[in-house]
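Enquirer: What follows is a single structure, and I will ask about it in a moment.
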4 protein chains.
Amino acid sequence: MPETWRERMYRVIFEAETPLGRAFDVGLLWAILLSVGVAVTDSVSTLSPATHRILGRLEWAFTLLFSAEYVARLVCTPRPSRYALSFFGLVDLAAVLPTYLRLILPGAESLIVIRTLRLLRIFRVLKLARYLGELSILTYALRASRRKVTVFLGTVLIMATILGALMYLIEGPERGFTSIPRAMYWAIVTVTTVGYGDISPQTVPGQVLAAIAMILGYSIIAVPTGIVSAELVEAARKPPNTRTCHECLSEGHLPVARYCRDCGAELRSLSPLSDQS
Amino acid sequence: MPETWRERMYRVIFEAETPLGRAFDVGLLWAILLSVGVAVTDSVSTLSPATHRILGRLEWAFTLLFSAEYVARLVCTPRPSRYALSFFGLVDLAAVLPTYLRLILPGAESLIVIRTLRLLRIFRVLKLARYLGELSILTYALRASRRKVTVFLGTVLIMATILGALMYLIEGPERGFTSIPRAMYWAIVTVTTVGYGDISPQTVPGQVLAAIAMILGYSIIAVPTGIVSAELVEAARKPPNTRTCHECLSEGHLPVARYCRDCGAELRSLSPLSDQS
Amino acid sequence: MPETWRERMYRVIFEAETPLGRAFDVGLLWAILLSVGVAVTDSVSTLSPATHRILGRLEWAFTLLFSAEYVARLVCTPRPSRYALSFFGLVDLAAVLPTYLRLILPGAESLIVIRTLRLLRIFRVLKLARYLGELSILTYALRASRRKVTVFLGTVLIMATILGALMYLIEGPERGFTSIPRAMYWAIVTVTTVGYGDISPQTVPGQVLAAIAMILGYSIIAVPTGIVSAELVEAARKPPNTRTCHECLSEGHLPVARYCRDCGAELRSLSPLSDQS
Amino acid sequence: MPETWRERMYRVIFEAETPLGRAFDVGLLWAILLSVGVAVTDSVSTLSPATHRILGRLEWAFTLLFSAEYVARLVCTPRPSRYALSFFGLVDLAAVLPTYLRLILPGAESLIVIRTLRLLRIFRVLKLARYLGELSILTYALRASRRKVTVFLGTVLIMATILGALMYLIEGPERGFTSIPRAMYWAIVTVTTVGYGDISPQTVPGQVLAAIAMILGYSIIAVPTGIVSAELVEAARKPPNTRTCHECLSEGHLPVARYCRDCGAELRSLSPLSDQS
């Protein structure tokens, strides 16, 4: 029966509970890593033409493999259109398209376009996310502190704008600060403590402002760290605090409690989430 | 009646509960962002004169818009002088003045002055603070740890002074460390891990001192981070600890408790603040 | 009576409870800051000889002032030798000695020595520590995590040694890595994320090792931060945990408890320390 | 009896409870540090030949000392093969081998090989780990957060790949970004906030991407810090939370509780671990 065949295929490709499903996922993981390695290596222009030819063939092999995987996913999903329009569906398609487009657009002038398209193959890496369950815990903590982080980033950008405008006035175009956007680039390089040194203040007031910007940046580095730390500490402590009575919906029962303090109903066992973290 | 008209205008401009009030705030937010964008872009000297002319007109449009807003705020506030002297009142005024002053002072020699005044327009960005409620949570945490941060910044400055003076002695004016202030600039660049590389030690003792300064800076980066983290963790834990009996004013009741442990009075429900964070 | 006079003087100079004592401390604080400012400014060689002459006189004025203060402290302390040998006693002496030594050693060839001695005046800044009570809280947290920080610093040094030795082998003396100590300097510059760029790897294996060193440094930056954060969070939580019954010495009573759970004795009120932090 | 002699030797060499055992460990610690110092100093080519000769002899002295120690360890262990194949057994062997191999391979062409082998002597430093008990606490916290850190490092690498590929397209080989691997090196230098400045973007889109990369790196620095902080805070809080009833094995008893809330059995005293941290 075709139904059973598709169901079995679905379990192998989309799930990872069966030995075959695990083997498929691990194999795909390695294929993705190797294909990214091939794309990265191919960009080194000092390699011999023979090496480039081998890398080109490997690229085709990986493209055909990922095309087969994409078709297989489409075939075995109960709702193909939903998969095709999902984030990973689009990434899977974007990972194979560039190599094919190169055949259709062979003109010399389209080289740069092809280079851009080939780049998209890098996004195959994103497929790794599917295989790393731990990522979800970090993502949860980041999402919980999303609004605070947005406000923080806004503050950094406002600071970069003010510092950049001041520096543009102090140092002027003669010393590398040719425009406010360029001075803002300097401000971000400084506040984030990266410090390339490609543009740096040379006058005394400029160096005083730079010193203030550095200490400011050094101090506010504490803010996002504090936000995420507090969120993760909170997440580690949450399970007992969100323990809820299923009868009267009262919250915050101690982990030791067996009966609800408010209505006397028996409390269910703690979720195993507290042991996982 | 003019009274009712001013009250309605006050609600639209100063508050954000009504749909019209929200729309006004969001519109103003975008106008501020765009006007800052225009000021920043205008500083790029490589743009064509036509572009500069368009940007100059946009600047006038934004200035007239913000002037109208400033007058409207003055008109509808019950106490105009209080608004005019408040922080945001002064910022609102500073955001429109530079463009007008340019008309009064048209001489060629006042170009640099105008540049300085135009810069103040950047402070329009500060008005953003009014629209971001989340900012207050971070501000609270920073204010709570203000004294500790001050002590910490003082320590950093003392360290920069001692390190700069030592480096001035070790490397001397021949290798870029021309004075103690300049050596202090180097020390701040190093301790904050920015590291421009515009001045760097070249002798062996100088590099040893630089290595010590780096490890010191790397280690004390932990201090402000720890302060803010502890403050935010504390803030997240506070609600249950500050739960107060309204009868006997005893504090620190567990979130599960329904009756005061000290006087037996019924405790009111927890503030929703603990869910917001 | 001379006794009472010395006692009053002691209270003004060493304590800060009386209005006069506070005024003395604040005045001294400003004198220290100004004298450091004079020493720092004096090192700028581009200033006019007239300015240098004024700065030299101000230096003498401050030296005489601090000498008078030093003698006053010696006079009014019950045990002068104990003060003279304490840390601040030695710092107070070191802050005035250099200017006097300049009179005894006037030769032209001793210029560099004088420069070194003048530097010690910078240590006057350290006297600030006496006036900042908050410093003790941070110092406590740092001392509590001292052993962990030592282990961490040791790890950083071992890592710098291994990375430096590997880099010395990979890049070699031709590309700036002239010796293992110099390569260790590079490793510290990199691991602490300072990144001057005065020495940087140019071969592919060298850049791979540098990338590993950066990510390592970036990751272990979390360790001291985590240590200090945990220590400060712990310090903020400690008061309720260390609440002790004065009868049976049982610990860890909840902040709400009025009677000891183990022996029924009344618990004393919480220390006000929990409100200070 | 040889048995007793080996047992006594075992206690001196492998344990640190007896005064002699402590003295042995401290002496060995200094020998390791000095031998590393000799190896590091020996790499400085500007030293006189006489100094190099003395350093060479010291190297031989340390090699013989560590050889004797290695043999002693092999002799007194009940199971020599287990020690020889353990991590520290291999490190102990690797620390002495290079100097001997230099005798067997005296050819001029093997100079580079010898240099590599001599480097291994640096690993003697790793033996320090045995003497620092505190290291285990940090190691525990790092191991507990290992999976989260792995996911985080994976994210950093994926980000470096995508940023590097984009930068390679934007800036191109003409401005230093000669290949994707080199652009990835730039991305890691930037995201980790090291910022050498040996390669830096020069076009406007490149600088915009660099600014995004910096703020990204600046923000995600919070993640590993948050992970380790949460883990250490958790470790500090764990003792009361893992307090277990020895009768019914229920967990999470409050530190004040004397009897199990679930079965009424008397709870044993808290472990002293909470005071150690």
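Enquirer: Of all residues in region A:203-226, which are more than 8 Å from every other protein chain (Cβ to nearest Cβ) and of a type in the set (S, T, N, Q)?
Expert: A:T203, the sole residue that qualifies.
Enquirer: Name the one entry in D:S229, D:S250, D:S145 that is within 13 Å of chain C (Cβ to nearest Cβ) and either open to solvent by 10 Å² or more (accessible area, probe 1.4 Å) or modelled with pLDDT under 75 (or both).
Expert: D:S145
Enquirer: Provide a single number: the residues in region A:164-212 that are under 18 Å from B:V189 (Cα atoms), of a type in the set (A, V, I, L, M, F, W, C) and touching a Lys or Arg at 6+ places or on another chain (Cβ under 8 Å).
Expert: Here the count works out to 1.
Enquirer: Tell me which residues, restricted to region A:192-212, are buried (at least 24 other Cβ atoms within 10 Å of the Cβ) and part of a helix (DSSP H, G or I).
Expert: Residue satisfying the conditions is A:A210 alone.
Enquirer: Among the residues of region B:42-77, what is the count of those that are out of contact with any Asp or Glu (no Cβ under 9 Å at 6 or more places or on another chain) and closer than 20 Å to B:R6 by Cβ?
Expert: 7
Enquirer: I need every pair where a residue in region C:18-31 that is open to solvent by 50 Å² or more (accessible area, probe 1.4 Å) has its Cβ under 6 Å from the Cβ of a residue that is small (G, A, S), sequence separation at least 6 or different chains.
Expert: C:R22/C:A16
Enquirer: Now for a different question. Mind telling me which of the residues A:G133, A:G164, A:G176 ends up being at pLDDT 65 or above and either within 20 Å of the chain's Cα centre (by Cα) or crowded, with 18+ Cβ neighbours inside 10 Å (or both)?
Expert: A:G164
Enquirer: Quick one: would you say B:E69 is within 14 Å of chain A (Cβ to nearest Cβ) and acidic (D, E)?
Expert: no
Enquirer: Quick one: in region C:148-161, which of the residues that are under 17 Å from C:M214 (Cβ atoms) and open to solvent by 20 Å² or more (accessible area, probe 1.4 Å) is modelled with the lowest pLDDT?
Expert: Restricting to residues being under 17 Å from C:M214 (Cβ atoms) and open to solvent by 20 Å² or more (accessible area, probe 1.4 Å), the top hit is C:T155.
Enquirer: Can you name the residue in region A:232-247 that is open to solvent by 30 Å² or more (accessible area, probe 1.4 Å) and at the interface with another protein chain (Cβ under 9 Å from one of its Cβ atoms) and is also modelled with the highest pLDDT among such residues?
Expert: A:E234
Enquirer: Go through C:L58, C:L90 for me and flag whichever is open to solvent by 60 Å² or more (accessible area, probe 1.4 Å) and under 30 Å from B:T178 (Cβ atoms).
Expert: Exactly one residue qualifies, and that residue is C:L58.
Enquirer: Let me ask you something else. Can you find even one residue in region A:111-125 that is touching an Asp or Glu at 6+ places or on another chain (Cβ under 9 Å), modelled with pLDDT under 75, assigned to a helix (DSSP H, G or I) and open to solvent by less than 20 Å² (accessible area, probe 1.4 Å)? Please lay out each step first, then the result.
Expert: Going through region A:111-125, the residues touching an Asp or Glu at 6+ places or on another chain (Cβ under 9 Å) turn out to be A:118, A:121, A:124.
Narrowing the set further to residues that are modelled with pLDDT under 75 leaves A:118, A:121, A:124.
If we keep only those that are assigned to a helix (DSSP H, G or I) too, we end up with A:118, A:121, A:124.
Retained after the next criterion (residues that are open to solvent by less than 20 Å² (accessible area, probe 1.4 Å)): A:121, A:124.
Yes.
Enquirer: Next question. Could you please let me know if C:A16 is touching a helix residue (DSSP H, G or I) at 6+ places or on another chain (Cβ under 8 Å), modelled with pLDDT under 80 and assigned to a loop (DSSP other than H, G, I, E, B)? Outline the logic, then answer.
Expert: Values: touching a helix residue (DSSP H, G or I) at 6+ places or on another chain (Cβ under 8 Å): yes; modelled with pLDDT under 80: yes; assigned to a loop (DSSP other than H, G, I, E, B): yes.
Taking the combined requirement at face value, the residue satisfies it.
The values are calculated or read from the model by the stated rules, or taken from the named source; none is laboratory data. All figures in this text were calculated on a predicted structure; none of them were measured in a lab. With ideal geometry, Cβ positions are generated from the backbone for all residues, glycine too; neighbour counts draw on all protein chains shown. Side chains included, ligands, DNA and RNA excluded: accessible areas come from the protein's heavy atoms. Shrake-Rupley method; radii C 1.70, N 1.55, O 1.52, S 1.80 Å.
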